[in-house]
């Protein structure tokens, strides 16, 4: 017996006993709540996508309602705008880390470049007053070329390894010449 069958049986039994049937609310909440508004702003500031966060939290209203709240309520509009600015800061803060963590393989480098370019494109949209107008086209000339950087780091690591191997060979030859 499924949960919905049990529920309807309990409701039928309650009706037989003269209890009123509970009113079922269908859909997501639409009434403004300071608590939910604070949760929404916190999630946005932490970098979560609004559509994803709203879909994962059934106690939240849908995106259209959240945007309506921002249109109708100045206090929520200000908090929501500040949360989006904080999200932009987070995106900008993540870019050097993404570049530094890139593994020097084509796939990882391309993924890191895509993640950085996406953040470069989105940050000005979220906080124009801080990060300027969104460029019509992202210029690769002014960006850190992750592939070149990874190649340079790889070459330096190889040189260090080679130097240590040469030092080890020199040390070993010095030891044998003393004998």
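Couple of notes before you dig in:
- Each Cα pair of the range 48-110 feeds into the Kirkwood radius, which the Stokes-Einstein equation turns, at 4 °C and 1.567 mPa s, into a diffusion coefficient of 91 µm²/s.
- Working from label points 7 Å from Cα in the Cα-to-Cβ sense, the residue 72 to residue 38 distance is 2.2 nm.
- Using the Cβ-Cβ distance between residue 62 and residue 103 with R0 set to 45 Å, the FRET efficiency from 1/(1 + (r/R0)^6) comes to roughly 0.70.
- Förster-model FRET efficiency, 41 Å R0, residue 114 and residue 9, C-beta, rounded to 0.05: 0.15
- Extended-chain gain in nm, criterion 0.36 nm per residue less alpha-carbon gap, residue 30 and residue 16: 1.7 nm
Throughout, read-outs are computed from the coordinates displayed, never taken from laboratory work. Note that the structure is a prediction, hence the values are computed from the model and not measured. Methodologically, a virtual Cβ is constructed for each residue, glycine included, from the backbone with ideal geometry; neighbour enumeration extends over all protein chains shown.
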